[in-house]
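Novice: If you scroll down you'll find the structure; I have some questions about it.
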Amino acid sequence: HSDAIGLMVTGIQDGVLRLTSVGGVDARVLPGQMVTVHASGPGGGDLPAVVAPPGARLLPPELGDSPIPLEHLLVDTGLPPRKVAEVVRVGDLVSYGSEPVVHAGDYISGHTLDDRAAVAALTVCLEELQHRPHAWDVWAVATSQEEVGTKGAITSAYELQPTIALVSDVTFAKGPGASDWMTVPIGEGPTLTMGPNIHPALFKAFKDLAKELEIPHVLEYAPRHTGTDTYATQVAAAGIPSMLFGIPLRYMHTPVELVSIKDIQRLGRLMAEFIARLTPDFMEKITWED
């Protein structure tokens, strides 16, 4: 999906902005963050700003040392109150404004890697397919509004009604303090997900292919709704056989999400190889095996 979590202006008071969240924003990481206010009023445009907490004496005493809730945080553009009132409107969006960082060890961090990482993997796949013959037509879709209910995938899947849907998203990578059974390793390849939203034959096909090609990968299990676009593709129209891949990502829904570039490249190559090997009669071979 191409959308991201963010913020929305709910009020303007003495030149500073009050906010609500769009998607699953973690308010604990917001104080001190650089953001961009997408001002829609005359002469507006993208305004650099900072998220600022009020002074401790101005906060409700019952908060104590707890993280400051979003309702008490403010966004300051540095503009005079009169100018802010001219260019900013209630309902304007606010996005993270920090720049990405490339780290040693082939890692990258920044905001919106959920789900820019999967769009990058899709791009790798398409670049590979430019040089590979393939019998099947391919539609590449970067959906909207996944973070608020997979809405773009619902409409896209219904309009296209593809024969097979391959869905990429990020998944929770192991980091400091994270348990092994709730996370997956980072840098050891993409995840192949099995669960009620995924067709068993596609899962097996990709597992066998990754093993044959010696592409590092991790098996991941989702016993319920995956929380991704895979649910939307699975139930669109009469139902679409779907497969889900995860790119391990640390610090999800923060401005410093971190992924391995190699994991992105591995997923792109795996998808491209699968597509290049698809035969015209592939769907006749998809069967449910107990």
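The values are calculated or read from the model by the stated rules, or taken from the named source; none is laboratory data. None of the values given here were measured: they were computed from a predicted structure. Backbone-built Cβ (ideal geometry, glycine too); neighbour counts: all protein chains shown. Areas reflect the complete protein model, heavy atoms only, side chains present, ligands, DNA and RNA absent. Shrake-Rupley method; radii C 1.70, N 1.55, O 1.52, S 1.80 Å.
Novice: Might you report the magnitude of the Cβ-based charge dipole of region 38-149 about its Cα centre, with Lys and Arg at +1 and Asp and Glu at -1, to the nearest 20 debye?
Specialist: Details: 6 positive and 16 negative charges, 91 e Å.
Roughly 440 debye, rounded to the nearest 20.
Novice: Helix-only mean residue ellipticity at 222 nm, the chain, DSSP H runs n ≥ 4 weighted -39,500 (n - 2.57), per residue, nearest 500. What is it? Don't skip to the end; give the middle numbers.
Specialist: Numbers: 6 runs with 71 residues, N = 290.
Helix contribution divided over all residues of the chain: -7500 deg cm²/dmol.
Novice: If you don't mind, another one. Let me know the whole percent of all Cα-Cα pairs from region 222-290 that are separated by more than 16 Å.
Specialist: Working: 1593 of 2346 pairs.
Within region 222-290, distances greater than 16 Å cover 68 percent of Cα pairs.
Novice: Heavy atoms only, probe 1.4 Å: what % of the accessible area of region 172-290 goes to carbon and sulfur, would you let me know? Intermediate values should be presented prior to the final figure.
Specialist: On the way: 3340 of 5880 Å².
C and S fraction of accessible area: 57 percent.
Novice: What are the extents of the Cα atoms of region 1-45 along their three principal axes, in Å, largest first?
Specialist: The Cα atoms of region 1-45 stretch 30, 25, 18 Å along their principal axes.
Novice: Quick one: dipole size for the chain, taken about the Cα centre, charges +1 on Lys/Arg Cβ and -1 on Asp/Glu Cβ, in debye to the nearest 20.
Specialist: 320
Novice: Let me ask something else. Charges on Cβ only, +1 for Lys and Arg, -1 for Asp and Glu, centred on the Cα centroid of region 35-92; of Leu74, Val87, Thr36, which one is farthest towards the dipole's positive end?
Specialist: Val87
Novice: Solvent-accessible area per residue for the chain at a 1.4 Å probe radius, Å²? Present the calculation step by step, with values, prior to reporting the outcome.
Specialist: Numbers: 15110 Å² over 290 residues.
About 52 Å² of surface per residue is accessible.
Novice: Moving on. Which value in Å is the Kirkwood Rh of region 1-160 over different Cα pairs?
Specialist: On the way: mean 1/r = 0.0547 Å⁻¹.
Computed over region 1-160, the radius equals 18.3 Å.
Novice: Give the label of the value calculated from the structure for volume of the Cα convex hull per residue in Å³, choosing from (i) 315; (ii) 128; (iii) 166.
Specialist: Answer label, from the structure shown: (iii).
Novice: Helix by helix through the chain, keep the DSSP H runs that span 27 Å or more along the axis on Cα and average at least 0.0 on Kyte-Doolittle, and give those back in order.
Specialist: On the way: long enough: none.
None pass (Cα extent of 27 Å or more, hydropathy at least 0.0).
Novice: So, R0 is 22 Å and r is the distance between the beta-carbons of Thr279 and Glu214; what FRET efficiency does that work out to, to 0.05?
Specialist: With R0 = 22 Å, the Cβ-Cβ based efficiency is 0.45.
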